[in-house]
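One structure is given here, and the rest of the page talks about it.
Since every read-out is calculated from the coordinates, none of them should be taken as a lab result. Keep in mind that this is a model prediction, so the values were computed, not measured. Cβ placement follows ideal geometry from the backbone for every residue including glycine, while neighbour counts extend to all protein chains displayed.
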Amino acid sequence: MIRYPQTPKAGVYAVRMGPVLSHNLEAVCRGASASSFRQYHPQKQFLALLATGSGRAIASWGGRATTARSAWRLKRFIDLRFLNGLRVICQ
């Protein structure tokens, strides 16, 4: 088992790991061998968007950060797209 202890605690990693976990759980249920399992490889950087509650968000990428309305619009777009995808799955 490969571990990534330096991976930040961010939802993007859980979301990206979901399909790998789903595949591996299905493989276990089918009785597939371990060689058919997929490995998860986290990305090195990610865009963090934190809503401030004032129609703005803090955007952080690597070592840089900014706060702006455009960051809020991007966060809203990404969040709504994610939630709409869940609606399709859960129906």
query = Helix-derived [θ] at 222 nm for the chain: sum -39500 (n - 2.57) over DSSP H runs of at least 4, divide by residue count, nearest 500?
reply = -16000 deg cm²/dmol
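With charges only on Cβ, +1 for K and R and -1 for D and E, what is the dipole size of the chain about its Cα centre, in debye, rounded to 20?
With only Lys, Arg, Asp and Glu charged at Cβ, the dipole is about 340 debye.
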inquiry  = Give me log10 I(q)/I(0) at q = 0.13 Å⁻¹ for the chain, Debye formula, one equal scatterer per alpha-carbon, no solvent.
reply    = -0.61
inquiry  = Loop by DSSP (not H, G, I, E, B), at most 11 other beta-carbon atoms within 10 Å: where is the longest site-free stretch of the chain for trypsin sites (Lys or Arg not before Pro)?
reply    = 45-91
ask   = Taking only C-alpha pairs under 8 Å that are 6+ residues apart, what is the relative contact order of the chain in percent?
value = 15 percent
